[in-house]
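A short write-up of the structure that comes next.
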Amino acid sequence: MNIGQKKGKPKVVLDSNVIISGLNFKGNPREILNLVLLKQVELYVFPFILKEVAEVLERKFDWDEGRIKGATEGLKAVIIKPERRISIIKQDEDDNRILECAIEGKAQYIISGDEHHLLPLNAYQGIKILSSAEFLKLLTIIE
């Protein structure tokens, strides 16, 4: 897959669930992480997202600190520290951090597995919110 040559690299924010799945299992989230590593997709992250990823990797998957640090630093993401706070998703305030990161980084896409809060939005301020499968399908269309 060779994306981004015509229109520049897609700028994405990955929800922590996508990063965690990609690091632990085969499938669409892993494919997206591979695109990030191949520098075909530009990843933006908020330190809050990385902290959440680290906590889950340690607690649920028994990763040690060195492995976590290697994996998160290996993403070579652009670190975003949003200035503006939003509170659009009342049921889960943490999901608002994903939106803030995408807005501040001027991302084109948020990729999430959150079927309760993020995916139902479909888009926010012009940023498309897609599942991993939808994003990969879209890339084949824009290639």
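How many of the residues in the stretch 97-128 are buried (at least 20 other Cβ atoms within 10 Å of the Cβ) and polar (S, T, N, Q)?
1
Limited to the stretch 97-126, what total is found for residues that are in contact (Cβ under 8 Å) with a residue 60 or more places away in the chain and not in a helix (DSSP H, G or I)?
Qualifying residue count for the region: 11.
Select from the stretch 127-143 the residues that are hydroxyl-bearing (Ser, Thr, Tyr), in a helix (DSSP H, G or I) and either under 17 Å from Leu33 (Cβ atoms) or at pLDDT 95 or above (or both) and list them in ascending order.
Ser132
Give Ile49, Ile86, Ile110, Ile68 a once-over and let me know the one that is touching an Asp or Glu at 6+ places or on another chain (Cβ under 9 Å), more than 24 Å from Leu35 (Cα to Cα) and of a type in the set (A, V, I, L, M).
Ile86
Every residue, every condition in (1) of a type in the set (Gly, Ala, Ser); (2) closer than 21 Å to Ile127 by Cβ; (3) at pLDDT below 95, yes or no:
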position: Ile32; (1), (2), (3): no, yes, no
position: Ile49; (1), (2), (3): no, yes, yes
position: Glu55; (1), (2), (3): no, no, no
position: Leu75; (1), (2), (3): no, yes, yes
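Considering only the stretch 93-143, how many residues are among the aromatic types (Phe, Trp, Tyr) and in contact with a Ser or Thr (Cβ under 8 Å, 6 or more places away or on another chain)?
The number of residues fulfilling the criteria is 0.
The values are calculated or read from the model by the stated rules, or taken from the named source; none is laboratory data. Computed from a prediction, not measured in an experiment: that's the story for all the values here. In this analysis, Cβ positions are derived from the backbone assuming ideal geometry, glycine residues included, and neighbour counts consider all displayed protein chains.
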